[in-house]
Amino acid sequence: MKPRKARNRMLVVRSMFKSKRLVLLLILCFFDALFTDIGLQLALIQEANPFIRHLYEWHIIAYYLVKLIFPLALMLIYPYIRQKLWVQPCLTLTVIVYAAVNVYHFVWLSYGLTYVAGSA
(Lines give C-alpha, C1' and ligand atoms only; values in the text may rest on other atoms or scores of the structure.)
Protein backbone atom coordinates (compact mmCIF):
# COMPACT_ATOMS: atom_id res chain seq x y z
CA MET A 1 0.00 0.00 0.00
CA LYS A 2 1.25 3.48 -0.89
CA PRO A 3 2.06 5.94 1.85
CA ARG A 4 -0.55 8.62 2.40
CA LYS A 5 1.60 11.49 1.03
CA ALA A 6 2.32 9.63 -2.21
CA ARG A 7 -1.39 8.91 -2.65
CA ASN A 8 -2.27 12.56 -2.05
CA ARG A 9 0.32 13.67 -4.62
CA MET A 10 -1.15 11.30 -7.19
CA LEU A 11 -4.62 12.71 -6.54
CA VAL A 12 -3.34 16.26 -7.02
CA VAL A 13 -1.58 15.33 -10.28
CA ARG A 14 -4.65 13.47 -11.52
CA SER A 15 -6.95 16.39 -10.69
CA MET A 16 -4.60 18.78 -12.55
CA PHE A 17 -5.22 16.92 -15.80
CA LYS A 18 -8.99 16.41 -15.48
CA SER A 19 -9.93 19.53 -17.40
CA LYS A 20 -9.32 19.18 -21.13
CA ARG A 21 -9.35 22.97 -21.47
CA LEU A 22 -6.56 23.30 -18.91
CA VAL A 23 -4.46 20.68 -20.68
CA LEU A 24 -5.13 22.46 -23.97
CA LEU A 25 -4.12 25.77 -22.37
CA LEU A 26 -0.84 24.25 -21.14
CA ILE A 27 -0.12 22.90 -24.63
CA LEU A 28 -0.97 26.24 -26.24
CA CYS A 29 1.26 28.09 -23.76
CA PHE A 30 4.12 25.71 -24.53
CA PHE A 31 3.74 26.23 -28.28
CA ASP A 32 3.50 29.99 -27.78
CA ALA A 33 6.86 29.85 -25.97
CA LEU A 34 8.33 27.48 -28.57
CA PHE A 35 7.22 29.54 -31.58
CA THR A 36 8.53 32.69 -29.92
CA ASP A 37 11.83 30.94 -29.18
CA ILE A 38 12.15 29.83 -32.81
CA GLY A 39 11.31 33.31 -34.06
CA LEU A 40 13.90 34.85 -31.76
CA GLN A 41 16.56 32.29 -32.69
CA LEU A 42 15.99 32.94 -36.40
CA ALA A 43 15.85 36.73 -35.83
CA LEU A 44 12.37 36.83 -37.37
CA ILE A 45 10.93 38.71 -34.38
CA GLN A 46 11.94 40.62 -31.27
CA GLU A 47 10.48 40.02 -27.83
CA ALA A 48 8.43 43.10 -26.92
CA ASN A 49 8.04 42.29 -23.22
CA PRO A 50 11.20 43.57 -21.47
CA PHE A 51 10.87 41.11 -18.56
CA ILE A 52 10.49 38.09 -20.84
CA ARG A 53 13.30 39.39 -23.09
CA HIS A 54 15.59 39.65 -20.06
CA LEU A 55 14.69 36.13 -18.95
CA TYR A 56 15.24 34.78 -22.45
CA GLU A 57 18.65 36.43 -22.68
CA TRP A 58 19.56 35.29 -19.17
CA HIS A 59 18.57 31.60 -19.40
CA ILE A 60 16.34 29.69 -21.79
CA ILE A 61 15.05 27.35 -19.06
CA ALA A 62 13.94 30.34 -16.97
CA TYR A 63 12.11 31.65 -20.03
CA TYR A 64 10.19 28.39 -20.52
CA LEU A 65 9.47 28.04 -16.79
CA VAL A 66 7.96 31.50 -16.57
CA LYS A 67 5.93 30.93 -19.73
CA LEU A 68 4.51 27.70 -18.29
CA ILE A 69 4.22 28.57 -14.59
CA PHE A 70 0.85 30.32 -14.89
CA PRO A 71 -1.04 27.49 -16.61
CA LEU A 72 0.57 25.01 -14.21
CA ALA A 73 -0.43 27.13 -11.21
CA LEU A 74 -3.95 27.37 -12.60
CA MET A 75 -4.00 23.58 -12.94
CA LEU A 76 -3.06 23.28 -9.27
CA ILE A 77 -5.77 25.61 -7.98
CA TYR A 78 -8.44 24.60 -10.50
CA PRO A 79 -10.03 21.87 -8.34
CA TYR A 80 -10.68 24.52 -5.66
CA ILE A 81 -12.10 27.22 -7.95
CA ARG A 82 -13.83 25.31 -10.76
CA GLN A 83 -17.29 25.77 -9.23
CA LYS A 84 -17.07 29.58 -9.37
CA LEU A 85 -19.30 30.99 -12.10
CA TRP A 86 -16.58 33.09 -13.71
CA VAL A 87 -13.94 30.34 -14.03
CA GLN A 88 -15.29 28.41 -17.03
CA PRO A 89 -15.98 31.44 -19.26
CA CYS A 90 -12.58 32.95 -18.40
CA LEU A 91 -10.82 29.65 -19.08
CA THR A 92 -12.61 29.30 -22.42
CA LEU A 93 -11.71 32.87 -23.39
CA THR A 94 -8.08 32.31 -22.42
CA VAL A 95 -7.88 29.16 -24.55
CA ILE A 96 -9.40 31.03 -27.50
CA VAL A 97 -6.92 33.91 -27.12
CA TYR A 98 -3.94 31.55 -26.88
CA ALA A 99 -5.21 29.58 -29.87
CA ALA A 100 -5.38 32.83 -31.87
CA VAL A 101 -1.88 33.78 -30.72
CA ASN A 102 -0.60 30.39 -31.86
CA VAL A 103 -2.28 30.76 -35.26
CA TYR A 104 -0.64 34.19 -35.55
CA HIS A 105 2.74 32.69 -34.58
CA PHE A 106 2.29 29.90 -37.10
CA VAL A 107 1.50 32.36 -39.89
CA TRP A 108 4.50 34.64 -39.28
CA LEU A 109 6.77 31.67 -38.69
CA SER A 110 5.65 30.07 -41.97
CA TYR A 111 6.10 33.37 -43.78
CA GLY A 112 9.51 33.96 -42.17
CA LEU A 113 10.80 30.49 -42.96
CA THR A 114 9.56 30.78 -46.54
CA TYR A 115 11.29 34.17 -46.86
CA VAL A 116 14.55 32.85 -45.35
CA ALA A 117 14.50 29.76 -47.62
CA GLY A 118 13.75 31.90 -50.68
CA SER A 119 16.61 34.31 -50.03
CA ALA A 120 19.20 31.57 -49.47
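Looking only at residues that are surrounded by fewer than 15 Cβ atoms within 10 Å (Cβ to Cβ) and assigned to a helix (DSSP H, G or I) in the range 8-20, which one is modelled with the highest pLDDT?
Within the range 8-20, the match that is modelled with the highest pLDDT is LYS20.
Any chance you could count how many residues in the range 40-78 are in contact with a helix residue (DSSP H, G or I) (Cβ under 8 Å, 6 or more places away or on another chain) and in a loop (DSSP other than H, G, I, E, B)?
Residues meeting the conditions: 5.
Looking at the range 58-73 only, could you name the residues that are open to solvent by 90 Å² or more (accessible area, probe 1.4 Å) and farther than 21 Å from ALA99 by Cβ?
Within the range 58-73, TRP58, ILE61, LEU65 meet the criteria.
List the residue pairs whose Cβ atoms are under 6 Å apart, where the first residue sits in the range 76-91 and is more than 15 Å from LEU24 (Cβ to Cβ), the second is assigned to a helix (DSSP H, G or I) and of a type outside the set (A, V, I, L, M, F, W, C), and the two are 6 or more positions apart or on different chains.
Cβ pairs passing all conditions: PRO79/SER15.
In the range 35-57, how many residues are under 20 Å from SER110 (Cβ atoms) and either among the hydrophobic types (A, V, I, L, M, F, W, C) or surrounded by 14 or more Cβ atoms within 10 Å (Cβ to Cβ) (or both)?
Looking only at that region, the number is 11.
The values are calculated or read from the model by the stated rules, or taken from the named source; none is laboratory data. Note that this is a predicted model, so its numbers are computed, not measured. A quick note on method: Cβ atoms are made from the backbone with ideal geometry, for glycine too, and the neighbour counts reach across all protein chains shown. Side chains included, ligands, DNA and RNA excluded: accessible areas come from the protein's heavy atoms. Shrake-Rupley method; radii C 1.70, N 1.55, O 1.52, S 1.80 Å.
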